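Below is one structure; the comments refer to it alone.
The values are calculated or read from the model by the stated rules, or taken from the named source; none is laboratory data. From a predicted model like this one, the values you see are computed outputs, not experimental measurements. Note that each Cβ is placed from the backbone with ideal geometry, even for glycine, and that neighbours are counted across all protein chains shown.
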């Protein structure tokens with residue numbers, strides 16, 4: 001019912017939103033003699049603010065048309081390298097001729113970035129991808145919006161997530177480097193554990209886990225405490241809703257993205273209010289650069305996706321209530337997951353000093369679990385002065401965190417991997 005009421009509310013303000021857009025256009029028109037007055041600028045700014053706050057934000061584009069390699073501009077084309085109804089593995093394919101002229105023969109390390117499936121689209125990691133592109137073959141998990149997956153597409157839970165990560169690593173082949181950003185840390189650690197136990201040659205060369213709740217008992221944050229203080233029935237009754245009939249995933253039970261967004265914004269409400277007030281003032285002043293930066297951020301931040309009920313509930317139970325992986329009690333399809341099986345995959349953990357989502361120590365816990373990874377193959381880094389998003393995006397990520405990740409990967413890159421070309425990927429089902 002809540003989902004339907006939300007959609008009804010969005011549709012009911014559509015005429016007002018259209019009127020606001022028309023008003024803004026009219027007030028700013030060069031044919032309007034009063035366009036440059038304080039009254040007109042203020043009214044137009046108010047109309048823009050109303051439109052932006054009531055708009056439905058679509059999935060953003062990647063907007064990464066090129067990268068720079070040794071000063072040479074190289075075209076980049078996002079292509080689907082592997083897919084299921086629940087995920088597309090997106091390869092940022094760089095133009096081979098331009099790449100060859102920029103750095104000669106040979107190939108760059110292959111990196112699989114596992115994006116969170118926690119409400120935002122994978123494009124939230126645009127800055128992460130951008131940093132890796134000049135020196136790596138970059139692949140990223142582009143998870144599907146549950147409201148867009150028909151019921152016939154089947155269920156998707158945490159075990160399916162782990163299977164997807166394992167399947168993508170096998171498709172990419174040996175000597176891949178995997179980077180888990182935030183929420184997927186436990187699932188990636190489980191996937192690598194299972195591959196290692198099987199002595200699968202496609203177990204990654206390195207595993208980097210960033211700002212992730214490997215053990216959410218350590219330095220618990222507000223989201224961690226909420227998960228502990230409510231029983232699972234409360235989450236099922238209050239957070240799970242049915243997709244309305246106007247979407248392809250009609251009648252699927254989901255955790256709606258708009259509820260997750262409300263939770264995100266509620267954690268820092270005053271900051272968002274201040275940002276929108278500044279946006280209004282900059283619109284009045286005509287400060288184009290500042291307003292464009294605001295739009296770029298919120299076009300991404302306000303675009304959200306739904307999660308399947310089974311994935312959301314199982315993640316809550318296993319990661320945030322039972323702490324199954326650090327407790328040594330996590331089972332994947334009836335098989336106990338043992339991070340102690342990891343022996344050949346090097347491990348790097350990265351945390352933010354001011355992270356208010358995954359507290360200090362939660363990611364570091366991976367080292368306590370991977371007891372058989374040699375000490376010289378383990379690294380840990382805490383970035384001073386950054387919060388959760390600063391761990392994988394922004395200036396300090398590019399200038400301080402990424403260089404450490406780059407050097408870590410190269411320290412454990414096998415010599416044979418430099419000549420491997422990733423041209424044998426196929427779509428699932430082919």
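Across segment 57-73, which residue is nearest to residue 282 (Cα to Cα) among those that are in contact (Cβ under 8 Å) with a residue 40 or more places away in the chain and surrounded by 13 or more Cβ atoms within 10 Å (Cβ to Cβ)? Filtering first and then ranking leaves 57. Applying the selection to segment 1-54, what residues are more than 22 Å from residue 279 (Cβ to Cβ) and part of a loop (DSSP other than H, G, I, E, B)? Scanning segment 1-54 gives 1, 30, 31, 32, 33, 34.
Within segment 355-365, how many residues are more than 15 Å from residue 189 (Cβ to Cβ) and in contact with a helix residue (DSSP H, G or I) (Cβ under 8 Å, 6 or more places away or on another chain)? Give the derivation first.
Kept after step one, since they are more than 15 Å from residue 189 (Cβ to Cβ), are these residues of segment 355-365: 355-357, 359-361.
So of that shortlist, the ones also in contact with a helix residue (DSSP H, G or I) (Cβ under 8 Å, 6 or more places away or on another chain) come out as 355-357, 359.
So the count comes out to 4.
Which residues, taken from segment 10-48, are at pLDDT below 85 and closer than 30 Å to residue 259 by Cα? Answer for segment 10-48, where residues must be at pLDDT below 85 and closer than 30 Å to residue 259 by Cα: 10, 11. In this structure, residue 398 does not satisfy being outside any helix (DSSP H, G or I), surrounded by fewer than 23 Cβ atoms within 10 Å (Cβ to Cβ) and out of contact with any strand residue (DSSP E or B) (no Cβ under 8 Å at 6 or more places or on another chain).
Take the conditions over 30 Å from residue 98 (Cβ atoms) and in contact with a strand residue (DSSP E or B) (Cβ under 7 Å, 6 or more places away or on another chain) and apply them to residue 148. Does it pass? No. Listed conditions (1) surrounded by 20 or more Cβ atoms within 10 Å (Cβ to Cβ); (2) more than 21 Å from the chain's Cα centre (by Cα); (3) closer than 30 Å to residue 260 by Cα; (4) free of Cβ contacts under 8 Å to residues at least 40 places away in the same chain are all met by residue 51, apart from (1).
Please verify whether segment 264-281 includes one or more residues that are closer than 22 Å to residue 142 by Cα and out of contact with any helix residue (DSSP H, G or I) (no Cβ under 6 Å at 6 or more places or on another chain).
Taking segment 264-281 and keeping what is closer than 22 Å to residue 142 by Cα, we get 264.
Subsequent filtering for residues that are out of contact with any helix residue (DSSP H, G or I) (no Cβ under 6 Å at 6 or more places or on another chain) retains 264.
There is at least one residue in segment 264-281 that is closer than 22 Å to residue 142 by Cα and out of contact with any helix residue (DSSP H, G or I) (no Cβ under 6 Å at 6 or more places or on another chain).
Remark: pairs (first residue in segment 230-250, farther than 18 Å from residue 305 by Cα; second residue part of a loop (DSSP other than H, G, I, E, B); Cβ separation under 8 Å; 6+ apart in sequence or on different chains) are absent. Within segment 145-154, one or more residues are within 14 Å of the chain's Cα centre (by Cα) and not in a helix (DSSP H, G or I). Residue count for segment 74-89 satisfying the condition of being touching a residue at least 24 places away in the same chain (Cβ under 8 Å) and closer than 16 Å to residue 131 by Cα: 2.
Picking from residues in segment 401-430 that are closer than 24 Å to residue 209 by Cα and assigned to a loop (DSSP other than H, G, I, E, B), the one that is modelled with the lowest pLDDT is 422.
For the condition part of a helix (DSSP H, G or I) and either in contact with a helix residue (DSSP H, G or I) (Cβ under 9 Å, 6 or more places away or on another chain) or not assigned by TED's automatic domain parsing to the domain that holds residue 348 (or both), what is the one hit in 251, 235? If you could, list the steps in order and put the result at the bottom.
Values: 251 fails: part of a helix (DSSP H, G or I).
Only one candidate passes the filter, namely 235.
Condition first: surrounded by fewer than 18 Cβ atoms within 10 Å (Cβ to Cβ) and either under 27 Å from the mean Cα position of the chain (by Cα) or in contact (Cβ under 8 Å) with a residue 12 or more places away in the chain (or both). Now tell me which residues in segment 325-335 satisfy that.
Within segment 325-335, the subset surrounded by fewer than 18 Cβ atoms within 10 Å (Cβ to Cβ) is 327-329, 331-335.
Hits for segment 325-335 are 327, 328, 329, 331, 332, 333, 335.
Every residue, every condition in (1) in the same structural domain as residue 25 (by TED's automatic domain parsing); (2) part of a helix (DSSP H, G or I); (3) modelled with pLDDT of 90 or more, yes or no:
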position: 265; (1), (2), (3): yes, yes, no
position: 274; (1), (2), (3): yes, yes, yes
position: 295; (1), (2), (3): yes, yes, no
position: 315; (1), (2), (3): no, yes, yes
position: 324; (1), (2), (3): no, no, yes
position: 344; (1), (2), (3): no, no, yes
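The single condition among (1) under 23 Å from residue 319 (Cα atoms); (2) in contact (Cβ under 8 Å) with a residue 60 or more places away in the chain; (3) crowded, with 24+ Cβ neighbours inside 10 Å that residue 160 does not meet is (3). For segment 297-313, the set of residues classified as touching a strand residue (DSSP E or B) at 6+ places or on another chain (Cβ under 7 Å) and part of a helix (DSSP H, G or I) consists of 309, 312, listed by residue number.
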